[in-house]
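Since the structure comes first, as structure tokens, the remarks are kept for the end.
The values are calculated or read from the model by the stated rules, or taken from the named source; none is laboratory data. These numbers come from a predicted model, not from an experiment. Every residue, glycine as well, gets a Cβ built from its backbone with ideal geometry; the counts of neighbours run over all protein chains shown.
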Amino acid sequence: MQTRLPRRSICLLGGTGFIGRHLASRLVALGHDVTVLTRARHRHKDMLVLPTLRLRQGDPLDPADLVSAMQGADSVVNLIGIVNERGRDGRGFHRAHVAITEKALAACRDAGVRRFVQMSALRADPAGSSHYLRSKGVAEQRVRESGLDWTILQPSVVFGREDDFINRFAGLLRHLPVLPLAKANTRLAPVFVGDVVAAAVRSLEEPRAIGQIFQLCGPRVYSLREIVRLTSRLIGRQRPVVGLSPTLGRMQARLMEFVPGKPFSRDNFLTLSTHNICDSGAPGLTDLGIVPTHLEPEVSRYLRIGAVD
Ligand SMILES: NC(=O)c1ccc[n+]([C@@H]2O[C@H](COP(=O)([O-])OP(=O)(O)OC[C@H]3O[C@@H](n4cnc5c(N)ncnc54)[C@H](OP(=O)(O)O)[C@@H]3O)[C@@H](O)[C@H]2O)c1
């Protein structure tokens, strides 16, 4: 996509993550200046190969760090998010999603930045089924009430090289003889990271995106079971996938909370109680001029590259 924006200065919060790194590379390739605020600059120095990217050490909960990262920026994109918190009471989700969004919006006002793009999540809802969805929903409310020129992007689960979704199942399938799967019938519409990035770029370019919420879905709806079976086929390890009953699924989630890195949790289980698919007729990728990418060819490329025995 050819940029229609003149050279701009864009501040990314959460720009060191999976989607943020793809977005930073794309914005630099389009000729923009990018500032990434990170809590751990030393871990992300590889990003400095991008010629017009600045990596700033700072805490996104600290107003001074935020304002200083936003100084001179035309736009801010907030990609900070977590799928699991350290505790279990929702305070970690509130901090990462609501408190940081509030601070970022206030810092935009202080730094004189009007344009704000929020990377939210499909089914974000203050009355949603999990702490994750509720905190994402409250953060969206704050953005909508901010008085800034905002756009909200709501991706379904995102796939792409280095994702934490298909790669995680591929890792499990390589090591387990059978895959016990909670919420196997939950429906999802995996969306390609390149399309999510294109949506963020289009939102920054297109004044008509201001004040709009875009749901970002891939071209096909799958059940979680179908995605795992597809992954199993693509890595050449045909494994039985056993759907767990709600009771066993909850027990699995509870147990996995004690595994280092918390690979699955009761909150993830509750998030998966809601189908993660776009509403028909809701503004989405095609309204931003983006043709959604199919999962299978893309995933087979990066799973083959990442395959280790
Ligand atoms: N990936 C998906 O499938 C998916 C689907 C729907 C929505 N989303 C949303 O899209 C956004 C980006 O997702 P992603 O997959 O790229 O996430 P990610 O890889 O986990 O990266 C998120 C970034 O946020 C920062 N961060 C994380 N926890 C933080 C905390 N407690 N306080 C402050 N900063 C924190 C980190 O930056 P530093 O460590 O450098 O500070 C991290 O690099 C998130 O808001 C996510 O909820 C993602």
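Might you check whether a residue that is farther than 30 Å from Val143 by Cβ, outside any loop (DSSP other than H, G, I, E, B) and small (Gly, Ala, Ser) occurs anywhere in the range 208-231? Looking for residues that are farther than 30 Å from Val143 by Cβ, outside any loop (DSSP other than H, G, I, E, B) and small (Gly, Ala, Ser), one finds at least one in the range 208-231, hence yes.
Looking for something touching a residue at least 12 places away in the same chain (Cβ under 8 Å), assigned to a helix (DSSP H, G or I), closer than 20 Å to Pro263 by Cβ and not β-branched (Val, Ile, Thr) - is there at least one such residue anywhere in the range 186-204? No, that holds for no residue.
Taking into account only those residues within the range 69-83 that are more than 10 Å from the ligand (Cβ to nearest atom) and under 21 Å from the mean Cα position of the chain (by Cα), which is surrounded by the fewest Cβ atoms within 10 Å (Cβ to Cβ)? That would be Ser75. The residues of the range 1-45 that are within 11 Å of the ligand (Cβ to nearest atom), out of contact with any helix residue (DSSP H, G or I) (no Cβ under 8 Å at 6 or more places or on another chain) and not in a helix (DSSP H, G or I), listed by number, are Gly17, Arg39, Ala40.
Looking only at residues of the range 46-68 that are in a helix (DSSP H, G or I) and touching a helix residue (DSSP H, G or I) at 6+ places or on another chain (Cβ under 8 Å), we find that the one that is farthest from the ligand (Cβ to nearest atom) is Val67. Answer yes or no as to whether Asp149 is of a type outside the set (Ser, Thr, Tyr) and within 12 Å of the ligand (Cβ to nearest atom). For Asp149, the condition - of a type outside the set (Ser, Thr, Tyr) and within 12 Å of the ligand (Cβ to nearest atom) - is not met. A single member of Phe169, Phe258 is part of a loop (DSSP other than H, G, I, E, B) and among the hydrophobic types (A, V, I, L, M, F, W, C), and it is Phe258. Against the conditions (1) at pLDDT below 95; (2) surrounded by 12 or more Cβ atoms within 10 Å (Cβ to Cβ); (3) of a type in the set (A, V, I, L, M, F, W, C), Val259 satisfies every one except (2). If the condition is being in a loop (DSSP other than H, G, I, E, B), in contact with a Gly (Cβ under 8 Å, 6 or more places away or on another chain) and not polar (S, T, N, Q), then the range 269-293 contributes Cys278, Pro292. For the range 45-57, residues that are in contact (Cβ under 8 Å) with a residue 12 or more places away in the chain and either in contact with a Phe, Trp or Tyr (Cβ under 9 Å, 6 or more places away or on another chain) or surrounded by fewer than 19 Cβ atoms within 10 Å (Cβ to Cβ) (or both) total 6. Does Ala24 satisfy being more than 26 Å from Val191 (Cα to Cα), free of Cβ contacts under 8 Å to residues at least 60 places away in the same chain and crowded, with 22+ Cβ neighbours inside 10 Å? No; evaluated as a whole, the condition is false for this residue.
Among the residues of the range 210-222, just one is over 18 Å from the mean Cα position of the chain (by Cα) and buried (at least 17 other Cβ atoms within 10 Å of the Cβ), namely Tyr222.
Scan the range 193-208 residue by residue and report those that are farther than 20 Å from Ala24 by Cα and not basic (Lys, Arg).
Pro207 - this is the single residue of the range 193-208 that is farther than 20 Å from Ala24 by Cα and not basic (Lys, Arg).
Given the criteria hydroxyl-bearing (Ser, Thr, Tyr) and either touching a Cys at 6+ places or on another chain (Cβ under 8 Å) or assigned to a helix (DSSP H, G or I) (or both), does Thr151 qualify? Against the criterion (hydroxyl-bearing (Ser, Thr, Tyr) and either touching a Cys at 6+ places or on another chain (Cβ under 8 Å) or assigned to a helix (DSSP H, G or I) (or both)), Thr151 does not qualify.
For the range 110-125, the candidate set comprises residues that are part of a loop (DSSP other than H, G, I, E, B) and within 16 Å of the ligand (Cβ to nearest atom); within that set, the residue that is surrounded by the most Cβ atoms within 10 Å (Cβ to Cβ) is Ala121. Here the condition is being near the ligand (Cβ under 7 Å from one of its atoms), of a type outside the set (Ser, Thr, Tyr), in a helix (DSSP H, G or I) and under 30 Å from Asp267 (Cα atoms); of Ala96, Ala104, it holds for Ala96 alone.
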